[in-house]
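Reviewing the structure listed below.
Bear in mind these aren't lab numbers, they're just calculated from the coordinates by the rules spelled out. Owing to the predicted nature of the structure, the values given are computational and were not obtained by experimental measurement. Heads up, the Cβs are rebuilt from the backbone with ideal geometry, glycines too, and the neighbour counts pull from every protein chain shown.
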Amino acid sequence: MEQRSKWGTNWGFLLAAIGSAVGLGNIWRFPYVAYENGGGAFLIPYFVALLTAGIPILMLEFALGHHKEASAPKAFHYIDPKWEWVGWWAVLFVMFGIELYYIVIIGWCANYMRFSLTLAWGDDPNAFFSQFLGKTDPGNIWGITHLQWHIVTAVAVVWFINWAITYGGVQKGIERAVKIMMPILMVITCTIVVWALFLPGARMGIQHYVTPDFSKITDLRVWVAAYGQIFFSLSLGFGIMIAYSSYLARDTNIFKNSLIVGFANSFYEVFAGFGVFSILGYMATRQGKEISDVVAESLGLAFVVYPEAISLLPYGRIFGVLFFFLLAIAGISSSISIIEAFTAAIHDKFAFPRKKVVTTICVIGFFGSLAFTTNVGLFWLDIVDHFLNQYGLIVVGILEALIVGWLYRTSLLKAHIVANLGLSGTHHKFFKYVVLQLWMYCIRFVTPVALGIAIVNSLMQEFVEPYAGYPISGVLILGVGWVLVTHVVAFGVSGLPWKGKTT
Ligand code: TRP
């Protein structure tokens, strides 16, 4: 049996965990979600969600992985073999769902870096994007005619980079890579934000981003959006944070680490929002439009609105290259984390050598990603993304909170966290009887209830009309199917015997 890997330093771990958390979701999703849900006022539900679910679940995942020195399936197996499948399900649907298309999007970013140099989208970025994807009629989502080869090539390169990083292992691969990538990420982010802040119209854009609309706070959907954003953004329910913390030195302060990662991720997204809205303000001013006419989220923001802005900006080409490079780095520091989480799970259970596991996963992953590089790739991506995020992640979050909160001897986890705090006397008592009690309260009640409401809310929508008006067959097979198949496989795998040691 190989020695279990270890991080070289706690710093290395923090960078990797923040790298996993900070991803596409922070840059293109948060600013829009905040704008849509009350601007500055959104920060209230958002921070409540961070404090009552984000940081508590993060601390739970860190404590569990660290205490048990185990990947997600193994950690759940320890709690009760009956629940091992939850760990498998998390790593399976993220690895063979979210990861597959996430890497395709990073591949698009790579292509767009190149397009930025020539402003290849001309004066119609929207039409250009459709052409780039080879997009056909959304009503015919089974009509696959071809692969888009320039996307396939980029996807191969991105998978190769992911393989090269994770192949080196935790310390020589991931830790070394994030020590290079995260500083670059920070420098580029600051450059872009400062650049954007000085553009004409920036102030107007920011006003739209931060002006509070308190009337929204009473809207349940705003709260649902806040919990959803926190969950995806912090990579919770992915099984990632459990695996990452299992490689930490024994005397690590879990509480402090959770606070650092939780706040760093939120700080990053709020900060990035200033850049995003400055650019939108600039664009609206230049084109004499309203912010509401130029604003967009996720794919539309990155691949349609930003190209338009890049064409207008002085030195726009440099800006474009930087922006798409930033997305690519933020994406890769996240995508490597699930490869690691999945590798850890397979290695723990079957005791296969790490390197072989990494290579096999990356090859299978590449072929899996091809499903999203055809002319209907965008629609598939959209449907799979919606279902895995709304149901997969949230269900895992609820189960995690319930299983650990109610079925596990939580005194063990608490004792584990307290042991490495370095506190004594009254501080120690305060922490143990107040902070950790509150933590358990959040895990037992607040998180399951909040996520439960979120899921019922999305389910009700589902019955109103098929998601985003796609053909029902697509929604059922790709969306519901993906959720169910990974679920069944998780059950199957958890029934297999353990080769790795489990005591
Ligand atoms: N938290 C990331 C974000 O905000 C998403 C993410 C983290 C992710 N790890 C991942 C996506 C692994 C796919 C695979 O964007």
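Structure summary
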| quantity | calculated |
| --- | --- |
| Simple Cβ-charge dipole of the stretch 21-494, Lys/Arg +1 and Asp/Glu -1, about Cα centre, in debye nearest 20 | 1440 debye |
| Partner aspartates and glutamates for LYS256 [C-alpha distance under 19 Å; skip if fewer than 8 residues away on the same chain] | GLU61, GLU69 |
| 3J(HN,Hα) from dihedral phi, the stretch 251-258, Karplus parametrisation 6.51/-1.76/1.60, rounded to Hz, x for glycine, proline | 9, 6, 8, 5, 4, 4, 4, 5 |
| Degrees separating the helix 176-197 axis from the principal Cα axis of the chain, which is the longest one | 40 degrees |
| ³J(HN,Hα) computed for each position of the stretch 453-462 - Karplus, 6.51 cos²θ - 1.76 cosθ + 1.60, integer Hz, glycine/proline x | 4, 4, 6, 5, 4, 5, 4, 4, 4, 4 |
| In degrees, nearest ten, helix 481-495 long axis to first principal axis of the chain (Cα) | 20 degrees |
| Which listed pairs, of LYS349/LYS414; LYS68/LYS414; LYS68/LYS349; LYS6/LYS82; LYS68/LYS429, have C-alpha distances above 18 Å, in listed order | LYS349/LYS414; LYS6/LYS82; LYS68/LYS429 |
| Gain in span if fully extended, HIS416 to ILE403, counting 0.36 nm per residue against the direct Cα distance | 2.9 nm |
| Helical contribution to [θ] at 222 nm, DSSP H n ≥ 4, -39,500 (n - 2.57), averaged over the chain, rounded to 500 | -21000 deg cm²/dmol |
| For the stretch 357-478: rounded, prolate or oblate by the Cα gyration tensor [a/c cutoff 1.5] | oblate |
| Fraction of the pair-distance distribution of the chain above 43 Å, Cα-Cα pairs, percent | 12 percent |
| Normalised contact order of the stretch 21-494, rounded percent, pairs of Cα under 8 Å and 6 or more residues apart | 35 percent |
| Spin-label pair PHE160/TRP11, simplified geometry with 7 Å Cα→Cβ offset, distance in nm | 3.2 nm |
